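Bear in mind these aren't lab numbers, they're just calculated from the coordinates by the rules spelled out. Just so it is clear, the model here is predicted, and its values are computed rather than measured. Methodologically, a virtual Cβ is constructed for each residue, glycine included, from the backbone with ideal geometry; neighbour enumeration extends over all protein chains shown.
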Amino acid sequence: MALLEIDNLTVEFPTRRGVLRALDSISLSIEPGEVLGVVGESGAGKSLTGVAVIGLLEPPGRVAGGQIRFDGKRIDNLPYEAMRRIRGRQIGTIFQDPLTTLNPLYTVGHQLVETIQTHLALSDADARKRAIHWLTEVGIPAASQRIDAYPHEFSGGMRQRVVIALALCAEPRLVIADEPTTALDVSIQAQIITLLKRLTRDHGTSVMLVTHDMGVIAETADRVAVMYAGRIAEIGPVAEVVRHPAHPYTEGLMGSIPSLEHRVARLRQIDGAMPRLNAIPRGCAFNPRCPKVFDRCHAERPELLAAGATRAACWLYDAAAAPAAFAPIRGTHA
Amino acid sequence: MSATQAPAKPAPARAPSRWARALDSDLLYSFRRSPLAVGSATVALILILAAVLAPWIAPQDPTNVANLNLLNSFNPPLPLEGSDWTFPLGTDEQGRDVLSAIMFGSRISLIVGAASVIFAVVVGVAVGLLAGYAGGMVDAFLMRAADVQLTFPSILMALLVDGVVSAELPRNLHATFQIYVLIFAIGISRWPQFARTVRGSTLVERNKDYVMAARLIGLGQVRIMATHILPNVLGPVLVLGTLTLGLAILDEATLSFLGVGLPPTQPSLGTLIRIGDDFLFSGQWWVTIFPGVALVLMVLSINLLGDWLRDALNPRLR
Amino acid sequence: MLAFIVSRILQAIPVLLVIGFVSFAMFAYVGDPVTIMLGQDYTEAQRIALVHQLGLDQPFFVQYAKFIWAALHGNFGMSYRLAQPVAGLIAQRLPATLELVAVATVFSLAIGIPLGVYTGIYRNAKLARLGMALSLIGVSLPTFLIGILLILFFSVLLGWLPSFGRGDTVRIGTWWTTGLLTVSGLRALVLPAITLGLFQLTLIMRLVRAEMLEVLRTDYIKFARARGLSNHAVYFGHALKNTLVPVITIVGLQIGGIIAFSLVTETVFQWPGMGLLLVQSVAVADIPVMSAYLLLVGVVFVLINLIVDLLYYAVDPRLRVDRATAGAAR
C-alpha cells in the first residue's frame, strides 16, 4: 500500500474576483522508501501540494475536493491537534530558505531539542545527545560545540543541513522537501542533495521533492510528476520522463535544457506563458501553447492516460481519438 | 468547472479610463465593504464641514461681545430643566452658545492641525528625499538629527518651542501670532517621522532600474528626486499624514489645555475644555464635556480612516 | 561586548553636548532676564549691576563653561518667577513625578502586553475586536480629557477618589518624599496613574498586536508548526520572544512619552511634580527653569536610549556576531 495517496485533490482560493483553483483534481502517490519529484514552473502548484499535505493551507485557501491519505488513513479532514501530531513525527518538512526558516533568537540546539521532546519522551540530557547525533549525521563539524550556536553563525549550506536535521530528527516516514536547494550556491546544492539522498535511503524515508530544477530531479528521484497550471501533466519513472517525454509540455521542458553534448544555435523554448489562475483555458490547460494541439484539446480536459512507461494527461494518447497525422511518436528531444 | 475561462479570441478593447479604474480599484472596494470606514468618513466629513462653514452656519458668533447676554449664562443642554431651544448644548458663564463655540473651536483646531501636518510633511519629505538620495555624510547627519529629535516626545518639543518663541515675541503681538507659533511648534515636532519613512523608501527606490535609466539620460538630481522618486514614496506618507493629523489636533488641544496654546479670545476645542474645567465641580459639566466629545469624535474618525487606509494599502494584511 | 557599550556611550556624548548647548542658548539668550527681574523701570546702573551679577557680560564660551560646570554641581540658577534656586525646586518636585511615572508604566505594561498578545493570536474573536475598538478610542482620547472624565466619575459623582494633590507623603532620606506609604497617598495616586498610563496602554497593546501579527506570518513560525510543535510552544515559545524584541525599543522610547504626558496629567490633577513646574514656567517665560528641565530631561532620555540599546544587545543574538565563530562556520 502506498504511504501517501493524493486522490483528486482540489484546492481553491476564494477572492473577490471569483474562486481561483490553485490545484485542480490532482492525484499522485508515494510508496514507502521512494523519492517522488514534483517539478514545474513557478506558480504551477507544486509547493501548494506539499503545504496541503501537511495541512498548513493559509486561509482563505481551502481543500475543496478530494482526499489525502497517509498510511491508508485520511488526513485532510483531521482536526488541528490530530494533524499536529502527524507533523514532524510522521511527515517532516524542509522549506526553501534556511535563513528565514530558523528562528534567529534561539540556538540551533534549543530548536532541535524542543522538536525531539515534542514527539519523543526523552529527558533533556537524552534529547540533547540525540540532537548532537543528528547534527553530526548531517555533517556539521564539532557538533557538540556548534549545538549552542545561533542560526546566523552558520553559513547558508550549514543552515540547510540544520534544517534537514530538524526535519528528520523525529524519524518521520515521509519528508516533503520544498525547493531545498534553490536558495543555495550551486556548489553547495550538490552536497545537500547527496546528503538528503543518503539519509533518506539509510532510514527508509520517502521523499516528495518539490523543485523547478530538472537536474536535481534527474539525479535524485525515482519517479517524477510534472505539474502545469495546478494539474499534473505527466507522471512516471524519472528515466522515462526525461528520455522519452510523452506530454508535449514535458517535451518542451526537456528540450529547453541546454545539453553539454550537442551544440545548438538557439535554445528551444515554449511559446507563451503558463496561464494565470483566473484565466485557465477550457479543455487542456496547455492547448494555447501546444505544437500538437487539435480540436478535442479545446473541448475536454484530458485525464492521465497511459503513454508507454509513463502516464500523460494528453489526448494524443487516447488511441481511439487521436488523428492519424499526430500518431503518438514519443518525441525524443533534439 | 468554476474557474473563469478565457475566450478563444479576445475582442480588442479600449483600456478602461482612469476614473473607471479608480472606481473598480481594490481600495474603493475595500472602502465600500467596510461600514466602519464609510461611517467614520461620514462623521469626519460632517465635522469638517461644520467647522469650515462655521462663520456662516453657526447659530451665534461667540467672538462678538455684543451678542452675549449674561442672563443666558449657564443654561444647561436641551433635555434638562432650564434649557432653551436657541442654545441646544447649553451656554457658558458669559452666555456664549456652546454649540457655536464648538463649531468655531473645531475650525481652529482643524486649521492648526492640518497646517502643522502640512508643514511637517513638507520639511520631512524634503529632508528624507535628500538624505536617502544623497547618502553618505549628508544622510548620516540628517538622520542623526532626526533620531535625536525623535527621542524627545513631540509635545515636549512643541511646548519648549512655543515657550521660547513666545518669550521672544513682544507681549502685544502674542495673541495675533499665537496661531502661527503653534503651527510651527507642532509641525517642527513631527517632521522626523516623515523624514525617516521617506528616507527608507528613497533608499529602496534609488537602487531601482528606472532611477538608473533617468540618470543615464542625463536628468538632474533634483528633477529625479522630485518627479521620479517622490511619487513612489508617497504611499506611506499618506497613511502617516492621516494618522499624524489626529495626533496634531490632539497636540494642539493639549497645548491649549495647558494654557500655552490658543487664547480664550480665539479658542480652540482645547481652550474650551480648559475654560470649562473650572466649572466641573460646581455642576456645569456641559461646558467642558461637549467640546471634549467633539474633539474625540473628530480625532477618532480621522484615526479610523487612517487605520483603514493603512490596512487597505498593505497587501500583506488581507 | 565591551566595545559595543563604549561605542554607544561615545555616541551619546555629542548628543548630550548638543542638548547642553541648546539648553544654555535658551538660558542665555531667550527673554531678557533684566526686564523680568527688575521690572519695567530700572536705571542703567541697576542694569549694569545685574548684568555683572548674573555674569552676562562675559564672553560666550566662558558663560557656557560656567553653565555646564554649575549644572554638573547641581546649580541651575534662580527661577525668575519664584526667586528660588531652581535646583531646590526640582528636588522638591522630582519624587512626585518619578513615582507617578513608575506606577503608570507598570500599569500600562502589565495590562497592555498581555492584551496585545491576546488580540494578536485570536485576531477575530469578539473579545479581541472589542479590545481593538476600545484601544482605538483610547488612542483618540487626549490624556487631559481622560483625566477630566475620571474626575467627573470618581470624584464628582461617586466621591471615591481625590481629584487633586498627592495625599500625605513620607520623607525618606535627605530629599525624597513618597506617597506610596500612606493610604491617602495611594488613593491620590490611582486616578493620575490610570490617566497617564491609559494612552500608553493602548499604544502598547496595538503595537504588540501588530508585531505579533507580523511574526505569526514568518517562515520560522510556519516551520515550527510544520515540525509539529504545540500551540503553546509556537505562541509563547517562539512568537512571543520574537515579538517582544522590537517592542522593547519602542517601550523604551515610550517612557519618554510618559514623561511628556505627565505634564498634562500633573496639570489636570494639580500633582506637585516637575511637569506642573514646567507648565507654570512656560506660561511666564521663566527661562532658567525651562532650560534646567530641558537639560535634565535630555540626560534622562539619552540614558534611557543607552539602556534600551544595551537591552537590545542582550536580547538579540544577531547583534553579538562573534567573528571567530562566524569564520569557522564554513
One would report the antiparallel percent of DSSP beta bridges in region A:4-227, rounded to the nearest 5, as 50
Fewest-first ordering of A:Val163, A:Val242 by Cβ atoms within 10 Å yields A:Val242, A:Val163
Using alpha-carbon positions, the gyration tensor of region A:229-317 gives root eigenvalues a ≥ b ≥ c; with a/c under 1.5 called rounded, otherwise prolate if a/b exceeds b/c, else oblate, the class is oblate
Given a Förster distance of 41 Å, the FRET efficiency implied by the Cβ-Cβ spacing of C:Ala133 and B:Gln94, rounded to the nearest 0.05, works out to 0.60
Out of A:Gly18, A:Gly88, A:Gly43, a Gaussian network model of chain A with alpha-carbon springs under 10 Å gives the largest mean-square fluctuation to A:Gly18
Once phi for every residue in region B:303-313 is put through the Karplus expression 6.51 cos²θ - 1.76 cosθ + 1.60 (θ = phi - 60°), the whole-Hz ³J(HN,Hα) values, with Gly and Pro written as x, are 5, 4, 4, x, 4, 4, 4, 5, 5, 5, 8
Residue-ordered couplings for region B:280-288, obtained by feeding phi - 60° into the Karplus form 6.51 cos²θ - 1.76 cosθ + 1.60 and rounding to whole Hz (Gly and Pro as x), are 4, 6, 8, x, 8, 5, 5, 5, 9
If amide H atoms are modeled at 1.01 Å from N in the peptide plane, then the residues at a separation of 5 or more from A:Gly66, or on another chain, having amide H under 5 Å from its own are A:Thr10
Site A:Asp7, offset 7 angstrom along Cα→Cβ, radius 11 Å on amide nitrogen, limited to region A:26-52, gives none
Per the helix-only model, the protein assembly as shown has a calculated mean residue ellipticity at 222 nm (DSSP H runs of ≥4, -39500 (n - 2.57) each, divided over all residues, rounded to the nearest 500) of -18500 deg cm²/dmol
FRET efficiency for C:Val300 and A:Gln67 from the Cβ-Cβ distance with R0 = 56 Å, rounded to 0.05, comes out at 0.30
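Which value, in debye to the nearest 20, describes the size of the charge dipole of region A:4-227 about its Cα centre when Lys and Arg Cβ atoms bear +1, Asp and Glu Cβ atoms bear -1, and nothing else is charged? Before the final figure, lay out each step's value.
Working: 23 positive and 26 negative charges, 76 e Å.
Using Cβ point charges on Lys, Arg, Asp and Glu, region A:4-227 gives about 360 debye.
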Quick calc, chain C, dipole around Cα centre from Cβ unit charges on Lys, Arg (+) and Asp, Glu (-), nearest 20 debye, gives 1580
Once phi for every residue in region A:206-220 is put through the Karplus expression 6.51 cos²θ - 1.76 cosθ + 1.60 (θ = phi - 60°), the whole-Hz ³J(HN,Hα) values, with Gly and Pro written as x, are 7, 9, 9, 9, 9, 6, 9, 9, 5, x, 4, 4, 4, 6, 10
The simple spin-label model distance between A:Glu303 and C:His73, using points 7 Å out along Cα→Cβ, in nm, is 10.0
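Tell me, C:Phe153, C:Phe24, A:Phe95, B:Phe184 in order of fewest to most beta-carbon neighbours within 10 Å?
In order of increasing Cβ crowding within 10 Å: C:Phe153, B:Phe184, C:Phe24, A:Phe95.
Quote to one decimal, in nm, the extra length available between A:Ser155 and A:Ser187 on full extension: 0.36 nm per residue of separation minus the C-alpha distance between them. List each step's numbers first, then the result.
Values: separation 32, 0.36 × 32 = 11.52 nm, distance 1.32 nm.
Taking A:Ser155 through A:Ser187 to full extension adds about 10.2 nm, to one decimal.
With a ≥ b ≥ c taken as the square roots of the eigenvalues of the C-alpha gyration tensor of region C:133-292, please select rounded if a/c is under 1.5 and otherwise prolate if a/b is larger than b/c or oblate if it is not? Don't skip to the answer; put the middle values down first.
Working: a/c = 2.32, a/b = 2.09, b/c = 1.11.
Prolate, because a/c is 1.5 or more and a/b exceeds b/c.
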The size of the Cβ-based charge dipole (Lys, Arg +1; Asp, Glu -1) of the protein assembly as shown about the Cα centre, to the nearest 20 debye, is 2380
Amide H proximity to A:Ile94 below 5 Å, modelled H, separation 5+ or other chain, gives A:Ile176, A:Ala177, A:Asp178
Within the protein assembly as shown, the percent of DSSP beta bridges that are antiparallel, given to the nearest 5, stands at 65
Charge dipole of region A:4-227 built from unit charges on the beta carbon (Lys, Arg +1; Asp, Glu -1), centred at mean Cα; most positive-end Cα among A:Gly109, A:Ser123, A:Trp134 is A:Ser123
Rounded to one decimal in nm, the spacing of the 7 Å Cα→Cβ label points at C:Val106 and C:Gln84 is 2.8
Projected onto the charge dipole of the protein assembly as shown (unit charges on the beta-carbon of Lys, Arg, Asp and Glu, signs +1, +1, -1, -1), the Cα from B:Gly292, B:Ala146, A:Thr310 with the largest positive-side position is that of A:Thr310
In this structure, the FRET efficiency calculated for C:Phe60 and A:Phe294 from their beta-carbon separation, with R0 = 56 Å, to the nearest 0.05, is 0.05
Percent relative contact order for chain A, counting Cα pairs under 8 Å at least six residues apart, stands at 19
Sorted by chain and then number, the residues having a modelled amide H within less than 5 Å of the amide H of A:Val207, at least 5 places away or on another chain, are A:Glu34, A:Val35, A:Leu36, A:Val175
